[in-house]
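A.B. asks: Following this message is one structure expressed as structure tokens.
The values are calculated or read from the model by the stated rules, or taken from the named source; none is laboratory data. Note that the structure is a prediction, hence the values are computed from the model and not measured. Cβ placement follows ideal geometry from the backbone for every residue including glycine, while neighbour counts extend to all protein chains displayed. Only protein heavy atoms, including side chains, enter the accessible area calculation; ligands, DNA and RNA are left aside. Shrake-Rupley method; radii C 1.70, N 1.55, O 1.52, S 1.80 Å.
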Amino acid sequence: MSLDNSRDEWSRVIRAIEEALPGYESTSDWISLGLAGPLRRRAVAFLRSHRREWVLDSGAGPGVSSRMLLEDGFEDIVGLDPSIRLHRFARSRLGRRFCPIIGVAENLPFRPGSLGAVITCFALRDVASLDRSLDEFARATRRGGALAVVDIGKPDSTFWRALIGFYISHVMPVLARFSIRGRTSGNPFRMIIPTWRRLRTNKQLSDLIEQSFGPCVLKGFFLGGLVVFEADRFSVWKDVLE
């Protein structure tokens, strides 16, 4: 997929999320069979040692993960998202401790090593350039910092990948439509289908995080259809070469 096509698809994803407000969180929990919330909270727990540092919520959207961070005692949250509407929605609910910034993961507006940690939930699959986004997370995070990623997954096993693909293509849209129940026209959650198709496998993504950011642990759920990556910011070969 070309970069231009990727950006067009990314723009459609943003519009889809905007259309899904305010039922985005409840529908996400419904189509993930109740796992979206607990997995976000797992990612938040992984970052707890960085509560007093600046933490970036990349692809913050309507502020679901940022709210969980604030509820867990994190002090300074930067919410990065290209959508002004989603930022306004999040800021109206989270208050002054949530600092919204318009931007994208491929070009973070932060000095090197200025962040203590990064969290990105159900957003990394939508970036225009995965490699560049991960490099930017690494650049902006101090040594000893951390990265937590929660997203839909693409199992390494052909059989389980086909099964998850069937769920996403045929079952998930029906569940989403039932959850939305006329709150918006169409079914914005169908945008998950093309983003899943262009995903790298879980192992490939884990390796890429490890190469760009640092040592990474992969945890799979729902047969590998949902994943959590927990990475620590230590020296990698890219740091040595630089």
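A.B. asks: Please go through the range 77-90 and pick out each residue that is open to solvent by 20 Å² or more (accessible area, probe 1.4 Å), of a type outside the set (Phe, Trp, Tyr) and more than 17 Å from residue 108 (Cα to Cα).
C.D. replies: Listed by number, the residues that qualify are 85, 88.
A.B. asks: I'd like to check which strands (runs of 3 or more DSSP E) are fully inside the range 95-171 and have at least 3 residues that are basic (Lys, Arg).
C.D. replies: It comes to none.
A.B. asks: Next question, about the same structure. Quick one: residue 38 ticks every box in (1) within 16 Å of the chain's Cα centre (by Cα); (2) surrounded by 16 or more Cβ atoms within 10 Å (Cβ to Cβ); (3) assigned to a helix (DSSP H, G or I) bar one, so which box is it?
C.D. replies: In the conditions (1) within 16 Å of the chain's Cα centre (by Cα); (2) surrounded by 16 or more Cβ atoms within 10 Å (Cβ to Cβ); (3) assigned to a helix (DSSP H, G or I), residue 38 misses (2) alone.
A.B. asks: Name the residue that is nearest to residue 107 (Cα to Cα), counting only residues in the range 125-153 that are surrounded by fewer than 19 Cβ atoms within 10 Å (Cβ to Cβ) and touching a strand residue (DSSP E or B) at 6+ places or on another chain (Cβ under 9 Å).
C.D. replies: Filtering the range 125-153 for residues that are surrounded by fewer than 19 Cβ atoms within 10 Å (Cβ to Cβ) and touching a strand residue (DSSP E or B) at 6+ places or on another chain (Cβ under 9 Å), the one nearest to residue 107 (Cα to Cα) comes out as 142.
A.B. asks: Let me ask something else. Quick one: count up the residues across the range 198-216 that are touching a Ser or Thr at 6+ places or on another chain (Cβ under 9 Å), under 19 Å from residue 116 (Cβ atoms) and surrounded by fewer than 21 Cβ atoms within 10 Å (Cβ to Cβ).
C.D. replies: Matching residues across the range 198-216 total 1.
A.B. asks: For the range 67-94, what are the residues that are outside any strand (DSSP E or B), at pLDDT 95 or above and either of a type in the set (Lys, Arg) or in contact with a helix residue (DSSP H, G or I) (Cβ under 6 Å, 6 or more places away or on another chain) (or both)?
C.D. replies: 67, 68, 69, 72
A.B. asks: As an exercise: evaluate residue 53 against (1) modelled with pLDDT of 95 or more; (2) under 18 Å from the mean Cα position of the chain (by Cα); (3) of a type outside the set (A, V, I, L, M, F, W, C) and give the number of the one condition it does not meet.
C.D. replies: Of the numbered conditions (1) modelled with pLDDT of 95 or more; (2) under 18 Å from the mean Cα position of the chain (by Cα); (3) of a type outside the set (A, V, I, L, M, F, W, C), the odd one out for residue 53 is (2).
A.B. asks: Can you name every residue in the range 184-229 that is farther than 22 Å from residue 128 by Cβ, in contact with a Lys or Arg (Cβ under 7 Å, 6 or more places away or on another chain) and either assigned to a loop (DSSP other than H, G, I, E, B) or among the acidic types (Asp, Glu) (or both)?
C.D. replies: Passing the criteria: 187, 214.
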